[in-house]
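Down below is the structure, laid out as C-alpha cells.
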Amino acid sequence: MYNLNCDVAIIGGGPAGLAAAVAAKKQGAEKVLIIERDNALGGILQQCIHPGFGLTRFGEELTGPEYYSRFVEDAIKLGVEYILNSMVLEIDEDKSSVICTNSEYGLTCVKAGSIVLAMGCRERTRANIVIPGTRPAGLYTAGSAQRLINRQNIMVGKKVVILGSGDIGMIMARRMTLEGASVVMVVELMDYLAGLTRNRVQCLDDFGIPLKLSHTITRIMGDTRVTGVYVAPVDENKKPILEKEEFVECDTVLFSVGLIPENEITNKAGIEIDRVTNGPRVNQYMQTSVPSIFACGNVVHVNDLVDNVSTESEEAGKYAALYAMGKLPENNGAADMVTGNNVRYLCPQSIMKADSDEKVSVYFRVLAPEFNVKLIARCGDEIIAQKKELRVNPGEMNHIDIPVSSIKGDKITVEVIKEG
Amino acid sequence: MNKEIICTVCPRGCHIDVCGDANSVASLEGYGCKRGIEYATNEYLNPVRILTTIVKIDGVDNDLLPVRSNKPISKDKLFECMDIIRKTSAKLPVKIGDVIVENICGTDVNIVATKALG
Amino acid sequence: MNKEKAVVIGAGAVGCAIARELSKYEIDVVVVDKNEDIGGDASKSNSAIIHTGYDAAPGTLESQLVVAANPMYDELVKSLDVPFKRIGAILPAITEEQFKQLPAIKEKAFKNHVYDVEYKTGAELLEMEPNLNPEVKGGLYIPRESIIDPFILVQALAENAADNGATFMLNAKVTDIKTENGRVKSVVTTKGEIEADYVINSAGLYCDEIAEMVGKADYKVVARKGQFYILDKNTSCKVNNIVLPIPTKITKGKLMCPTIHGNMLVGPTAEDQPSKVDKSTSAEGLASVAADVSNLIPNVNLRDTITQYSGLRANRNPEGLNFDMYDDLKGYVNLSGVRSTGLTLSVAMGKYVVQQMMFHGAELTLKENFISKRKGIIKFSEQSREVQDELIKENPLYGNVICRCETITEAEIVDAINRPVGAKSVDAIKRRVRAGMGRCQGGFCGPKVIEILARELGVSTDEINKNNEGSYMVTGTTR
C-alpha cells in the first residue's frame, strides 16, 4: 500500500474542499492534501457553467468554473497538494488515516493530523419520491443530465418535462432549450417556487416554459424510452387529484427533487448524523463527533449559495489545521442548538462554550414561508440574539449570529415568530 | 403597452406593472424599492442576459470549453448567438477571459472562455 | 455424423439451466431470446429466494422439482461462484386465527418431504427477529429457505454453458417453428433460421405463443404482476430472516427479507393482468405492499426506498407447472406454468428435461472435457486491502471507482462487457456488477457507464441502450 502523510487531509476537491484547504494552509498547516475522485479539481462547479456564483464573496457574478478557478489558483499558490482520480473507500479505525484508490499508486493510505469531509451531496431520485409507472430510458436527475451535456458532450433528449422547481431544474430548463430541446413544462409539487425567483424569470419565463405549481407527475409511461408522463394537480395534502390527470408527451424526464448530503464515508466512520440534515452533527469549529474529523459544505447541510459553502469551509479548514497543530480551543462543554417555532434544522448543531468575544453564525431553514418575522435565539429565558426579516422561505437559508460569551446554559433555542 | 415584470433584485420578488411604449416608460406600480424601478425600467425597455454555454475544442472529443458573454446580450439575440457558438471551436491552450468569438452577431459583446484549458 | 442440435427458446433461469445441463453432452446447444440480455424478464424481477417447497401442492411436479432443487444449491453456487446464503425463513402468526393454521402448514411441509420445519414460540421469534410485530403468537421456522443473487445465477448458468460450447442468440424473436414428418425441423427467428433436432420451449410469459406455433397450446399464460420495494442498506428497520406472512386462500402474501447484498426487499403484490409487457408500478399496488408488510414488521421504513419495480410471473390457465413431450411431435419439449418458484426449480428442471429427453429416445453422450466451474467477476469492494492493492497494480482500471454507492470499479465493468454472454446495455452492466443498483440509482455512474460501454463495444454513445432496442440512453452530442 502506498503511504502519504499530511497535516490536514481533505476529502473532496470541490468548492468546500478547496476553501478548507486554502484556509488550513493560511492557518499554518504545513502539508495540506486534497483527495479528489474526479480527474480535475472544482467538483460539481465544473458542470455549473451558468452565472450566479460569487455575488456576496467577490461582488461579481461568476460562472461555476470561474468561481472555483480562483480557489484553485490560491490553493496552488499556497502549496496545497492534491491527488486526482482517487476514490476514498473509508477512514481507518484510527480515525486519522484515509484509505483511497488511485490507478497510479495502487491502494493509498493518507495519514493525517486531521481530516476534513467535503464530499458534497447527491441528488434525490425518482425512486426516492416513489413516482409509479414504468422504468424506461430517458429518466435523469437534473445534475446527471447537466454533467452529460456540459462536460461529456452528450445530449440526453429532445422533448423534456422537468419535475421540481429547484434552481438546478430551472437552470437545466434553460440549458436544454438553448441546446435545441423543447422543454414542455416544469412541474412543482409545492404551491411555491423551490428555487430563486430570478431563475424563474431568466430560465422559464424568458423561454415561455410553463411552471405548474401544486402539480406532480403521477405516472411514467413507455416501455423502452419514455413516451410521456401523466401530470395531475395535488390537493392541500399533496395528494394527486387523479380525475384531473393529463397526459404530457415527452422523451425525457429530469428530476430536480432535492439533494442529500453524501455521507457513506461519514456513516462508516461512526460519526453522529443529524436526522434532519442527513449530514454529520458539527460544532462551530465544524468538528464532528469524532474529534479529529471536521466537515463542511453540502456534506453537512445542503446550501443554496456556494458563497456560504466557502465561508463555512474556511472555518472547517482553519480549525482542522489548529487541531492538527494541537491548538484547538480546549473543551469547556457545549450547548446544543434546539429548533423552535418554524425552524427545520440548525447548523452547527452545538456551540462549544468559550471565553471569547466571537460570534457564531448559525444557519437554518424554516419549515414554511412567512412575511415580517423575527428570528430569536434563547438560552434559558434570556434572548441572546434576534433580528428581523422581511421574508423567510424554506428554499433560502437564514442565519443568526450568536455571541459565544452569552451562552450560559446547555440549550439554545432558535425560533421564527410572525410579528404584529 | 402593459407588462408585468417580476423583480429579481432581491428575494422578495415584487410583481411590478410597467406601462409605456417601445422607447419609454410611462408608469410603474407594485415596486418595493428604488432598485426595483431601475430593474423594471431596463427589463421593460431592453432586457439583457448573460449567455453561458460550451464550445467544442479543436481535436478534443471528450472535453468541452465553458464560455460566457463578457457583457449581457439583448434577450432576443440569444438563439442567434447560440447558432454562431455551435459552429465555433476553440484552440488550446486557453486562459479564462480569452476571446473565443469577437463581437458576436454585431452586439459588441465577446464570447470568452470561463476555464483555463491545455 | 453431424452432431444433433437443441434450440432452447428463452434465456431465463430455466432456459439457461437447461442449456448448461445439455452442454455436458455431445450436442450443439443454441439459446435464443427476444431480449438483448439473458434473464431479461421474470428471472430479473422476483423475490430472489431459493425456496424449500414446504408450501407447494404435495404430489405435483412443482413440489417435486422445488424440493429436489433446494439442496442442489450448496454445491452449485460453489462451482459457479454465485452469491447465496441460507438465512432461513420465519412464518409468524400474528392473530389467533393465523396461529390455528400453523399445524396444517407444517403438515403440508411434511407431505412435501420438507421435514426440517420447526415450531417457534412468539418469544423465540422475537429474539430471532426483534423488529417483528410484538403481537406474534408463535410460528414456524423453515431453515433452508435461502436468498440468492438471481441475476448472477442466470449469468453463471449461461456463461458456464457458453464455456462448454453453447451459443446465445439474443435480440432474436422466434417467429415460427417448422416441423416435418412429426418431428421438429427448425426454429425461425428475426435473426435467421436455425436447424433443430430438439426444441425446448422455456419462453416463460410467451410459452403459449411458442406452443401455438406447433399447435400445442392447450393453455393460456396469465401474467401475474408482483410489485416490490427495495430499501437502502442503511434503512432504520431491518430483518435477519425471510419474514413470510401466513398465506390466505387468495394469496401467498407479501414478505420482507434481506437481499444477498444487504438491502431489504418488500413485496410482492399478486395482480393478474392481460398484458405481458406492462411492468409498471402503481400507487395502489405499492400502497398495498406498505399496508400488508407493516402488519408483520410495524416499523418498516418505506421512505428509505431506493427503487420500486414489478415483475410478471408466467402463471397459466389451467394452473400448474407442466412438462410435456409429444408422441406426434418428436423433439419438442414444452414447459409451461413456470411461476414464482421458477428461479428455485430452474436447476432441477435442467436435469429433469435432459433425463426426459433420454427417456424419449435421445442418445446423449457425456463430453469428456466438460468445464464444471465458472469464476465470477472479482468484486473489488469485497477484497482485503492487500488484494485490492495488488489488483490495482495488475490492472489500473481497478483503481478507478465508477459506482460510488456500491464501490464498483472500471475493471469490473469492462470484465462484465467482455466475458462470455457479456453485457451490452446499461441494465446488463447493472445486473452483472451492481453499478447503478445503489442508493443514487446510477445518477453518478450512469454517465460514465454509457461512455465505457460505447468505448468497449466500439459504438457511439447514442447507440447505447438501457436494455432492449429502442431504449436509447442519449440522443447525440451537444457539439
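Read the figures in this text as sums done on the coordinates, not as results from a lab. No experiment lies behind these values; they were computed from the predicted model shown. When we count neighbours, we look across all protein chains shown, and the Cβ atoms used for this are built from the backbone with ideal geometry, even at glycine.
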The relative contact order of the range C:1-135, taking Cα pairs under 8 Å that sit 6 or more residues apart, comes to a percentage of 21
Computed over chain A, the relative contact order (Cα-Cα under 8 Å, seq sep at least six) in percent reads 16
Within the range A:136-170, the residues whose backbone N lies under 17 Å from a label point placed 7 Å from the Cα of A:Glu245 along the Cα-to-Cβ direction are A:136
Given all pairs of distinct Cα atoms, the range C:217-349 yields a Kirkwood Rh in Å of 16.4
Mind listing the phi-derived Karplus ³J(HN,Hα) values for the range A:79-86, rounded to whole Hz, using 6.51, -1.76 and 1.60 with θ = phi - 60°, and x for any glycine or proline? x, 5, 9, 8, 10, 9, 6, 10
In the range C:218-287, the trypsin sites (Lys or Arg not before Pro) that fall in loop regions by DSSP, at most 11 other Cβ within 10 Å: C:Lys249
To the nearest 20 debye, what is the magnitude of the charge dipole of the range C:380-463 about its Cα centre, counting +1 on the Cβ of each Lys and Arg and -1 on the Cβ of each Asp and Glu? 300
Tensor-based shape of chain C (alpha-carbon gyration tensor, a/c under 1.5 rounded, otherwise prolate or oblate): oblate
For C:Asn160, what charge total do you get from the other residues with a beta carbon under 14 Å from its beta carbon, if Lys and Arg give +1 and Asp and Glu give -1? +3
Decide, for the range C:1-111, between rounded, prolate and oblate: order the square roots of the alpha carbon gyration tensor eigenvalues as a ≥ b ≥ c, take rounded if a/c falls under 1.5, and otherwise choose prolate if a/b is larger than b/c, else oblate. prolate
Within 10 Å, count the other beta carbons around each residue, average over each peptide in C:435-448, C:49-62, and list them highest first. C:435-448, C:49-62
If Lys and Arg each add +1 and Asp and Glu each add -1, what is the summed charge of the other residues whose beta carbon sits under 9 Å from the beta carbon of A:Ile99? -1
Looking at the protein assembly as shown, send over the antiparallel percent of its DSSP beta bridges, to the nearest 5. 70
Amide proton proximity set for A:Met155, modelled H, under 5 Å, gap of 5+: C:Thr475, C:Gly476, C:Thr477, C:Thr478
Based on the Cβ-Cβ distance from A:Glu93 to B:Glu4, what FRET efficiency comes out when R0 is 45 Å, to the nearest 0.05? 0.15
Can you give the three extents of the C-alpha atoms in the range B:2-45 along their principal axes, from longest to shortest, in whole Å? 28, 14, 13
Cα gyration tensor shape for the range C:348-479, rounded if a/c is under 1.5, else prolate or oblate: oblate
Chain B, relative contact order [Cα under 8 Å, separation at least 6], %: 18
Go through the cysteines of chain C and tell me which have no other cysteine Cβ under 4.7 Å away. C:Cys16, C:Cys207, C:Cys237, C:Cys257, C:Cys405, C:Cys440
A:Ser361 paired with B:Asn103, simple spin-label distance in nm, labels 7 Å along Cα-to-beta-carbon: 4.4
Cβ-based net charge around A:Arg122, under 9 Å, with every Lys or Arg adding one and every Asp or Glu removing one: +1
Given backbone amide H placed at 1.01 Å from N, residues whose amide H is under 5 Å from that of A:Thr141, ignoring those fewer than 5 places away on the same chain, are A:Phe255
So the pair-distance distribution of the range B:52-113, from every Cα-Cα distance in 5 Å bins, comes to percents of 4, 19, 34, 24, 12, 6, 1
Within chain A, longest stretch clear of exposed trypsin sites (Lys or Arg not before Pro) (DSSP loop, no more than 12 other Cβ within 10 Å): A:1-237
Given points 7 Å out from each Cα along the Cα-Cβ axis, report the A:Thr227 to B:Arg35 separation in nanometres with one decimal. 5.1
To the nearest 0.05, what FRET efficiency results for C:Lys373 and A:Ala368 with a Förster distance of 41 Å applied to their C-beta separation? 0.10
For the range A:1-72, which GluC sites (Glu not before Pro) are both in a DSSP coil and crowded by at most 12 other Cβ atoms within 10 Å? A:Glu60
For the range A:125-257, what is the Kirkwood estimate of the hydrodynamic radius, computed as the reciprocal of the mean inverse distance between distinct Cα atoms, to one decimal in Å? 14.5
Stokes-Einstein at 20 °C, 1.002 mPa s, Kirkwood radius from Cα pairs: D for the protein assembly as shown in µm² s⁻¹? 69
Cα-based equivalent ellipsoid, chain A: semi-axes from gyration tensor eigenvalues, Å: 37, 28, 18
Extending each Cα 7 Å along its Cβ direction at C:Ser79 and B:Asn46, get the distance between those two points in nm, one decimal. 8.2
Hey, with R₀ at 45 Å, roughly what FRET efficiency would A:Lys158 and A:Lys77 work out to, going by the Cβ-Cβ distance, to 0.05? 0.50
